[in-house]
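The values are calculated or read from the model by the stated rules, or taken from the named source; none is laboratory data. Predicted, not measured: the structure shown is a model, and the values here were computed from it. Counting neighbours? That spans all protein chains shown, and the Cβs are built from the backbone with ideal geometry, glycine included. We work out accessible area using only protein heavy atoms, side chains counted, and drop any ligands, DNA or RNA first. Shrake-Rupley method; radii C 1.70, N 1.55, O 1.52, S 1.80 Å.
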Amino acid sequence: MDGRTCVITGSARGIGRGIAEYLGAEGANVVINYRSSEGDAHDAVDAIEDAGGSAVTAQADVSDREAVEHMREVCLEAFGPADVLVNNAGITADQQFTEMSREDWDRVMDVNLGGMFNCTQTFYDDIWNAEEGRLINISSVVGKQGNFGQANYAAAKSGMFGFTRTIALELAQGGSTANCVAPGFTATDMVETVPEHVLERIISSVPLERLAEVEDIAAVVRFLASEDSSYVTGEVIDVNGGMDL
């Protein structure tokens, strides 16, 4: 990953931050994107620099096309064109479908799918022109299996599969790839708010009998972001401890 420039959306916290720090430790130049967690974003930069890597922050709501275009300008000024784009930013607005508002539906779609559209189109030329350009979309096991109270989130995460496969066909003409990673339930700060009895039920549904660690996801992203994956494109890679078995 030495010298490769990686833009990771939603990377101030959680899985996105784990990916950013992992790639930064591997020698990548990293753009840490955040919407409102400015302090966490700067902490992520500090962690990458302490490990010998290079990173900058770029504030942008990915559902805002103008803000995303500014993020690309930050990337160009700091490191030049992007080699790797990781579409990780996402939100939830959970509610049983009969109680779900159209506002909650639209908000999740605007960020999770609309944000992926905005970022991919904004950085598309960079990925196309890069030597071994990489687009990596972070979906979820929920996009494959569904989850009670998450009709909007599941629909958005499932939509990433078709988008990834289509863009893979188009990017292939330029020698770049597009892939999707679908994590299972992962040990992040969000999990700390889950009641213990619910968490136990989740873990019992996983054949490996544990939550994913952020590093489990980041290692797969690192493979897809590197030259090692040059003949892998249009794939949805599950990292869920065997939940589909």
Putting +1 on Lys and Arg Cβ atoms and -1 on Asp and Glu Cβ atoms, find which of T120, G133, V194 reaches farthest to the positive end of the dipole of the range 111-208. V194
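Could you tell me how many cubic angstrom of Cα convex hull volume the range 115-201 has per residue? Walk me through the numbers on the way to the answer.
On the way: hull volume 9.6 nm³, N = 87.
Cα convex hull per residue, to the nearest whole number: 110 Å³.
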Whole percent per 5 Å bin, from 0 to the bin with the longest distance: what is P(r) over all C-alpha pairs of the chain? 1, 7, 14, 19, 21, 18, 12, 6, 2, 0, 0
Sites A67 and Q145, calculated FRET efficiency, Cβ-Cβ separation with R0 41 Å, nearest 0.05: 0.80
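How many percent of the alpha carbon pairs in the range 158-232 exceed a separation of 17 Å?
Values: 1619 of 2775 pairs.
Considering the range 158-232, 58 percent of its Cα-Cα pairs are separated by more than 17 Å.
For the range 197-244, state the semi-axes of the equivalent ellipsoid (square roots of 5 times the eigenvalues of the alpha-carbon gyration tensor), sorted largest first and rounded to whole angstrom.
Working: eigenvalues 150, 25, 9 Å².
Listed largest to smallest, the semi-axes of the range 197-244 are 27, 11, 7 Å.
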Of the listed peptides 39-47, 187-195, what is their order by residue-averaged count of other C-beta atoms within 10 Å, with the highest listed first? 39-47, 187-195
The range 111-166 - percent relative contact order, Cα under 8 Å, separation 6 or more: 36
Local charge sum around L23 (other residues, Cβ-Cβ under 13 Å, Lys/Arg +1, Asp/Glu -1)? -1
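Just to verify a number: FRET efficiency for E209 and S36, C-beta to C-beta distance, R0 = 51 Å, to 0.05?
On the way: r = 35 Å, r/R0 = 0.69.
So the FRET efficiency works out to roughly 0.90.
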Distance between Cα centroids, the range 142-206 to the range 65-126: provide it in whole Å. 15
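When the Kirkwood radius is taken over all Cα pairs of the range 1-128, what Stokes-Einstein diffusion coefficient follows at 37 °C and 0.692 mPa s, in µm²/s?
224
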Ranked highest first by average number of other Cβ atoms within 10 Å, how do 124-131, 82-89 line up? 82-89, 124-131
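So with the 1.4 Å probe, I'd like the accessible area per residue for the chain, rounded to whole Å². Display every interim value, and only then the final one.
Numbers: 11390 Å² over 245 residues.
Dividing the accessible area of the chain by its residue count gives 46 Å².
If you roll a 1.4 Å probe over the range 1-148 with all protein chains in place, what percent of the accessible area is carbon or sulfur? Could the numbers behind the result be given before it?
On the way: 2650 of 6560 Å².
After summing per-atom areas, the C and S share lands at 40 percent.
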